[in-house]
1. Would you mind calculating the gained length between ALA183 and ASN211 on full extension (0.36 nm times residue separation, minus the Cα-Cα distance), in nm to one decimal?
2. With a/c under 1.5 counting as rounded, go ahead and sort the range 563-689 into rounded, prolate or oblate using the C-alpha gyration tensor (a ≥ b ≥ c being the square roots of the eigenvalues; past the cut-off, prolate if a/b is larger than b/c, else oblate).
3. Please work out whether the range 184-336 counts as rounded, prolate or oblate from its C-alpha gyration tensor, where a ≥ b ≥ c are the square roots of the eigenvalues and a/c under 1.5 means rounded, while otherwise a/b larger than b/c means prolate and anything else oblate?
4. So what are the ³J(HN,Hα) numbers for the range 197-203, from phi and the Karplus equation (6.51, -1.76, 1.60; θ = phi - 60°), rounded to whole Hz, Gly and Pro as x?
5. Amide H neighbours of GLU72 under 5 Å, at least 5 residues apart or on other chains, H built in the peptide plane: list them.
6. Measuring from centroid to centroid over Cα atoms, what is the spacing of the range 49-103 and the range 427-485 in Å?
7. Indicate the gyration tensor shape class of the range 153-223 (rounded, prolate or oblate), computed on the Cα atoms with a ≥ b ≥ c the square roots of the eigenvalues: a/c under 1.5 is rounded; otherwise a/b larger than b/c is prolate and the rest oblate.
8. Would you grab the residues whose amide H sits under 5 Å from the one on LEU59? Only those 5+ places off in sequence or on another chain, please, with H modelled 1.01 Å from N.
Amino acid sequence: MSAPRRSTSLRDSSSDSERMEGTGSWDDALDWFKLEHPASRSVSHHANYKCLLEAERVLVEGRGVVLINTDEAGTLIVTNFRLIFLSEGTENIIALGTIPLATIEKFSKMVVKNQSAPRHSEKTPSQRFLQVIGKDMRIVVFGFRSKTKQRRAIYDGLLRCTKPSRLWDLYAFSCGPFKFTNANPKVRLLNEYFRLLGKGLCRASMDMIDNGSYTMSNELWRICNVNSNYIMCPSYPFALIVPKSISDEEVIQASNFRSKGRLPVVSWCHPETGAVLARSSQPLVGLMMNMRSNTDEKLVAELCSQLGDEKKRRRKLYIADARPRKNALANVAMGGGSESSSNYFQSEVVFFGIDNIHSMRESLSRLRDYLDAHGTTSSDGTLSLLRHGGWTWGGGNLSNMSASVSTLGDSGWLIHVQSVLAGSAWIAARVALESASVLVHCSDGWDRTSQLVALANLLLDPYYRTFTGFQALIEKDWLAFGHPFAERGGMPTVSGSSGRPPDLCRQSSVGSFPLPPMCQSSGSFAPPTPSSSHAQNQQSPIFLQWIDCVSQLLRMYPFAFEFSSAFLVDLLDCVLSCRFGNFFCNSEKERQQVGISEACGCLWAYLADLRSSEGRSHVHCNPFYSPLKHNGPLLPPAAALAPTLWPQFHLRWACPSEAQAGELEAQCRIMSIKFSKLQKAKEGAEKKAKETAIVVESLSAELRNEKQLSSSAMALAKRASKETAAIKRAIQSLGCKVHYASGGDTTVDIETSPVKNSQKSVFSPSTRESVGIVQHEDKSDLSVSISVAADDVVSNNPFGRVCDTLCPLRTRDGGCRWPDAGCAQLASQFIGVKADYEALDSLSIYEGYFKTMEGGK
């Protein structure tokens, strides 16, 4: 079905101009035409822009520019990395008008000559526009004031920066690695090889690469280093997996029979059945299609190892040619062609009919024009004016046409996507269901072959459906095996030449809609010839198409992929923008020559850094991912391979409202974020609960210790009370009276005569030294001082020596154990009391006391 033509546009007749008078002319509808704005400014003050990235420099700016798609006025800036459109006043970035320079496919100047109304004698000035077409499905148009040089300055800035002639002029080299450092991709490739050979415990290193000790093997396959210097095949990686029975000499001989030296090598091997998925380029069968190579046939035959059954049968080999049969036959004229099943043991040749790179490029261009024509942010100025006046039309709703292939059939894009999906599903089914080996190739083996092999790997191996595995898959089957990213993206190569002049067309690129008579283009470059625009134009969205196929599988199997559709969009944006160096050049050899991994930042590190901020709740993570639900191969039925438009990528500029994620996914992501917050709150509460439990346990332990100390103190108090009572009874047995004061002092009254002439002596428990003093006076009374000696004090007093001699509980070192010994020392007397206080064992009284008593008598 052909694209419907718009009934109203920037073109046509005076009757259309008269109808527009009701809504106002261009000058009346757009306020910015009435304002005076300065011309392009110098770059002296541009450091004040907050939106600039690391090492991003402003080259030129223009104020008072209008984004025709949305009728927004603002400032248009050209930097060494992007074309930035900032809103007027707030200087916020307008996403639709901001595009990396490397993402710009082409741009052109346009002039719209407005016809004057019949009653106006003054001539209406023509309007000047700049149309920018991006590789990311956007077409934007900027409007400039007439009689200014702003458009010329912006155009010249884009002319200098969008198609640099030298690779190192790209922004990625100016920025450098920054914080997104890039490990050597060779190490990651070897680690993936080790995993495929069942040697996952081994880890590769640069020392291993330098000394060539990475040539490991298992029962069937080995890692070959014959291409370590890239002499045999410049577009192949330095290490290859080949059959173990094939020698290095045979590998070199087999490469001579394949286009560009891209011989059959193993891309993936089944860990249980031994079936392999191999890739190569077309064979050089010659004009008569009778050229053969015994070494090539032996190598291909070794891909069909024996089945693990009792009959020892050899597995079947399928040779999958991605091209249409007629294209394969056409390549015979250039020495190429396809294999004959009669020359390869137990093989079958299958053609998938996938078109070449030129068909893909033109198909995507038609789809982009179609979406721009029917989107809510069309680049057509008149429709923008009508929207500005509040009038709506039949476009702007693409949901009904994204349901089937036939609706967008004339663009052909979804049909091409379906062909790639069907071919990959067929390959995966042969390997998984029949345990057969499959050899895939196209012409050179780096475009359609990469699409089919990588997508079949994704279907067969659940590891490739994770973030880490998806990176390993792209680095293996796209980067290492030489997909020419520089040529397909229109970027400069190692040689310093971009391969062709910049595609700066002088005609409006509105696809099937012709440029109106009153809309003219101007430019300094002549339009390219048909040969240069088709045969020599090597740009093609091959990798973009493969990512589109991955998004279709993600839609069919929402539980099987760890990453989301938003991750695929951001990955594509990074690849197209050339902000990082991972996808520069055409081969691993070229990237090594330039030193990409050391000079530029790493895309994978950047994406991982984005995810690290939010964890599993990040938009890159698939909220439905369930690895146990799909832990085996994905084998979609043919009926399910009906692709639709990829809304998050195809419709994000033309119809932003429909480009948002589905309602269910959005709600699930919101619930996932809430669950993540609740989980964090739960973890915090559990942590506090553990801390509180530890504190409570510590306090309980202290309380138990206090109780034990209290019990010990009570026991000691009871014991001291008993000992005090015993001592009191002992003293009272000597005829003394003991009185306790509230201050803790003890008063002892000793009766010395019938006249009851008593003397008082004070005993202080706090006394720490033993004192024995007898006062001899002429008076007849006796003053006795009683004190307590500390345990660790050894007294030299004769009374103390007597006490030590008579004490039945004395220690060997002679130390006193009072009160445990049950005795007491008096300063003037020594009284020994037995431990059980039942009897008084001994009593020693100073002999001066007896003399005093005798004198009294």
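1. Length gained between ALA183 and ASN211: 8.2 nm.
2. Details: a/c = 1.86, a/b = 1.28, b/c = 1.45.
Since a/c reaches 1.5 but b/c is at least a/b, the shape of the range 563-689 is classed as oblate.
3. Judged from the Cα gyration tensor, the range 184-336 comes out oblate (a/c at least 1.5, b/c at or above a/b).
4. 8, x, 10, x, 6, 7, 10
5. Correct list: LEU67.
6. The two parts, judged by their Cα centres, are 39 Å apart.
7. Prolate shape, in that a/c is at least 1.5 and a/b is the bigger ratio.
8. The answer is VAL78, THR79, ASN80.
The values are calculated or read from the model by the stated rules, or taken from the named source; none is laboratory data. What you see is a predicted model; the values in this text were computed from it and never measured. In this analysis, Cβ positions are derived from the backbone assuming ideal geometry, glycine residues included, and neighbour counts consider all displayed protein chains. In case anyone asks, the SASA skips ligands and DNA or RNA and just uses the protein heavy atoms, side chains included. Shrake-Rupley method; radii C 1.70, N 1.55, O 1.52, S 1.80 Å.
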